[in-house]
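Take a look at the structure set out below.
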Amino acid sequence: MLRLEKVQTHYGRIEVLKFIDIEVNEGEIVCLLGGNASGKSTTMKTILGIVRPTSGRVVYRGEVINDVPTAQRIKMGIATVPENRRLFPHLTVLENLEMGAFTRNDKLGIQEDLKRVYQLFPVLEERKNQRAGTLSGGEQQMVAVGRALMACPKLLIMDEPSMGLSPALVDQSFEIIKEVNKQGVTIFVVEQNAQAALSIADRGYVLQTGEIVMEGKASELLKSDKIRKAYLGEA
Ligand SMILES: Nc1ncnc2c1ncn2[C@@H]1O[C@H](COP(=O)(O)OP(=O)(O)OP(=O)(O)O)[C@@H](O)[C@H]1O
Ligand SMILES: [Mg+2]
């Protein structure tokens, strides 16, 4: 579904991604682990077309999309839950959800997807007229996921969904990701919380200062000594 081939990305003269290869197959949950400043968000932005790779290819469903603008990528089925959620705090929950459908004009489909989001997150229906900025962190996360689903994505890319959530909410948030995946959405999730991400993922990659230093099945990465030391707080 998605392939990054030897992708190199710069900010000015600084090389942030150093020829990375990543593959996400249809139906999978794939996670990208990495510490601060390793290039996780830059990888997301490269997939979305917010930054352009200086070399290498981004291939989506068999098509090279290096030169495809972000809005077009969203129409093609790539949706995102960005870092820190980026809601419109002064707009209502419903208005935020509707923003997710801005590239669509199939009114009926949009209504059906809104119902689907409310089924997944009943609390959002109860609060649909409340300003998004007044919701709890966990509820705001639901709005961010719901908004992404309103684009009717084939591929959902998420930047650190666990950020700022309590441990219980992290578990809940990852259960929701699993549920969304079961409904047929392929998921690429960027995380520092290796335990939570690997516990739901099929496969994972580890990014370190812009290079993929490890990859494999999630179950194997969870057992790896290197991962345990670097991300799971074990000496
Ligand atoms: N717009 C920008 N201009 C210049 N440098 C940038 C820009 N955005 C990010 N960088 C640099 O690129 C490197 C990777 O940043 P990135 O945001 O991809 O890391 P990250 O893995 O997402 O980190 P975090 O875990 O803190 O979110 C960092 O050194 C950062 O300072
Ligand atoms: Mg980041």
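For the chain, the relative contact order works out to 27 percent when only alpha carbon pairs closer than 8 Å and six or more residues apart are counted. Here's how it looks for Ser55: its modeled amide H is under 5 Å from those of Gln8, which are all 5 or more places away or on a different chain. Kirkwood radius, the chain, all distinct C-alpha pairs, inverse of mean reciprocal distance: 18.0 Å. With all protein chains kept in place, the per residue accessible area of the chain amounts to 48 square angstrom at a probe of 1.4 angstrom. Only protein heavy atoms count here; under a 1.4 Å probe, Leu120 has an accessible surface of about 40 Å². The phi-based Karplus calculation (6.51 cos²θ - 1.76 cosθ + 1.60; θ = phi - 60°) puts the 3J(HN,Hα) values of the stretch 21-34 at 10, 9, 10, 10, 8, 4, x, 7, 10, 10, 10, 10, 9, x Hz, whole numbers, x for Gly and Pro. When each of the peptides 188-197, 98-107 is scored by how many other beta carbons lie within 10 Å of its residues on average, the order from highest to lowest is 188-197, 98-107.
A straight line joining the Cα centroids of the stretch 15-42 and the stretch 148-213 runs 12 Å. With θ taken as phi - 60° and the Karplus curve 6.51 cos²θ - 1.76 cosθ + 1.60 applied, the whole-hertz 3J(HN,Hα) list for the stretch 97-105 is 4, 5, 4, x, 9, 5, 8, 9, 10 Hz, x standing for glycine and proline. Note on the stretch 114-235: Kirkwood hydrodynamic radius from all Cα pairs is 15.6 Å, rounded to one decimal.
In the stretch 87-146, Rg over Rh equals 0.95, where Rg is the alpha-carbon radius of gyration and Rh the Kirkwood radius from pairwise Cα distances. If you sort Asp225, Asp67 by accessible surface, 1.4 Å probe, largest first, the order is Asp67, Asp225.
Amide H to amide H distances under 5 Å link Ser224 with no residue, where only residues 5 or more positions off or on other chains count and H is placed in the peptide plane.
Amide H contacts under 5 Å for Glu160: Val190, Glu191, restricted to partners 5 or more places along the chain or on a different chain, H placed in the peptide plane at 1.01 Å from N.
The value of relative contact order for the stretch 87-146, using C-alpha pairs under 8 Å at least six residues apart, is 55 percent. Got a number for carbon plus sulfur as a percent of the chain's accessible area, 1.4 Å probe? Within the chain, the accessible surface is 50 percent carbon and sulfur.
Note on the chain: with a GNM built from Cα contacts shorter than 10 Å, the maximum mean-square fluctuation among Leu198, Leu207, Leu169 falls on Leu169. This model, with +1 at the C-beta of Lys and Arg and -1 at the C-beta of Asp and Glu, gives the stretch 87-146 a dipole about its Cα centre of some 40 debye. For the stretch 1-92, the ratio of Cα radius of gyration to the globular rule of thumb 2.2 N^0.38 Å stands at 1.12.
Across the stretch 166-177, coupling constants 3J(HN,Hα) worked out from phi with the 6.51/-1.76/1.60 Karplus curve, θ = phi - 60°, read 5, x, 5, 6, 4, 4, 4, 4, 6, 5, 5, 4 Hz, and Gly and Pro carry x.
The charge dipole of the stretch 41-95, taken about its Cα centre with unit charges on the Cβ atoms of Lys, Arg (+1), Asp and Glu (-1) only, comes to about 100 debye.
The values are calculated or read from the model by the stated rules, or taken from the named source; none is laboratory data. Being a predicted model, the structure only gives us computed values, none of them experimental. A quick note on method: Cβ atoms are made from the backbone with ideal geometry, for glycine too, and the neighbour counts reach across all protein chains shown. The area values use the complete protein model at the heavy-atom level, side chains included, leaving out ligands, DNA and RNA. Shrake-Rupley method; radii C 1.70, N 1.55, O 1.52, S 1.80 Å.
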